[in-house]
1. Please state, rounded to one decimal and in Å, the Kirkwood hydrodynamic radius that the chain gives when every pair of distinct Cα atoms enters the mean of 1/r.
2. Can you give the convex hull volume per residue for the Cα atoms of the stretch 1-156, as a whole number of Å³?
3. If you average the alpha carbon positions of the stretch 64-130 and of the stretch 152-210, how far apart do those two centres end up, in angstrom?
4. At a 10 angstrom cut-off on C-beta neighbours, averaged per residue, how do the peptides 77-85, 33-41 rank from highest to lowest?
5. How large is the convex hull of the C-alpha atoms of the stretch 163-256 per residue, in Å³?
6. Roughly speaking, what is the stretch gain from residue 196 to residue 273, that is 0.36 nm per residue apart minus the C-alpha to C-alpha distance, in nm to one decimal?
7. Can you pick out the pairs among 155/232; 45/232; 233/269; 73/229; 232/282; 194/255 whose Cα atoms lie more than 28 Å from each other?
8. Which one of 238, 165, 41 has its Cα pushed farthest toward the positive end of the charge dipole of the chain, where Lys and Arg give +1 and Asp and Glu give -1 at the Cβ?
Amino acid sequence: MEATIVSDRLKHYPVLLNEVISVISPQHGGTFIDSTFGQGGFTKKILNYKNTKVIGIDRDINSEIIGKKIQEKFPNRFLFKNLRFSNLSNLKLKNENIRGIVFDLGYSLNQIKEEKKGLSFNSKGKLNMMMGLNKFSANDVINNLEGNQIAKILKYFGDENDAKIIARNIVKERQSKRIDTQKLVKIIEKSKRKKNYKIHFATKTFQALRIFVNSEISELICGLISSVKVLKKGGTLAVITFHSLEDKIVKYFFKSLSENKSISRYLPKVEQKKILFKMLIKKPIIPSVKEVKENPSSRSAKLRYLIKLEDAHEIESDISEKFSHLLDIENLGLRL
Ligand SMILES: C[S@@+](CC[C@H](N)C(=O)[O-])C[C@H]1O[C@@H](n2cnc3c(N)ncnc32)[C@H](O)[C@@H]1O
């Protein structure tokens, strides 16, 4: 679980900024979508290039304040939308020359510092974890879902080895009192069998709950599918991930669009789909040693990008089927 913006010296800056700019090439102009606007780090940099337009999207209404300031400066070149990026296709983009779409996943330092959002295990008070435009909170999850459902969330979204023990203890403790953030931290500490000194003992549980509360799996899958549809020929989709689950989804999606599945030569020939996308490099771009030194929370960032080769709106991908087991877990939220 990482924040991409650091304020060590009260200076906010986004991760892999130069690398993102180099792959989306705003110097040629066009419209760009900053799907995770945050503090506007990428947007501001893109707008430095003439003949560019940016549509900034963020589910957190707090980003609107920064969005409004940029809009005042660039009234004809910038637009902010308080939207979940899964709804990107609701934007009227038909006449836009979309040259690049950027996703910088996760949350920002500002969000983790906002006590009442409860994203940090140092937060006090009621469980929350909602980034914006949510249907339920971590309080609803922890205090209402069944033990085996909570265990599934922790295991699959946080890779938490002690998921079952933590879930059992949550159910036991909530019988006497509602569980708040600090109580949850204590339950996790008590439940952990082994101490891992590399990461805080509550990291995995908090990551899992945040992913679940914010429907991050379906958000990512729908956001990626909508993006590749609206991108114009030659346009680039760039995605920065911060944990292995996100990266696995992005990697699979990019591969599924840019390669045909290998089929045994002994099987009957089936018609292969037309390849509409290209990955110039298969390995992700990671922050330089210098960047990690300046901003340690950038260390787990991975940037992957994909180029659209033809104008096409119909895209074939089996990504939803591939990750259906995770989408099914997310659907447990429908009962809340
Ligand atoms: C890591 S920050 C982005 C920082 C940004 N690149 C910058 O330079 O300031 C991630 C942002 O994405 C937003 N976000 C996360 N999931 C989202 C979603 N599904 N739809 C829209 N915004 C989302 C968060 O609210 C947060 O502001």
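1. The answer is 21.0 Å.
2. Once divided by residue count, the hull of the stretch 1-156 is 139 Å³.
3. Value for the Cα centre distance between the two parts: 28 Å.
4. Packing order, densest peptide first, comes out as 33-41, 77-85.
5. 131
6. Length gained, residue 196 through residue 273: 23.1 nm.
7. Beyond 28 Å between Cα atoms: 155/232; 233/269; 73/229; 194/255.
8. 165
A short reminder: the numbers here are calculations on the coordinates, not readings from a lab. Everything numeric in this text was worked out from a predicted model, so none of it was measured. For neighbour counting, all protein chains shown are included, and Cβ atoms are generated from backbone atoms with ideal geometry for every residue, glycine included.
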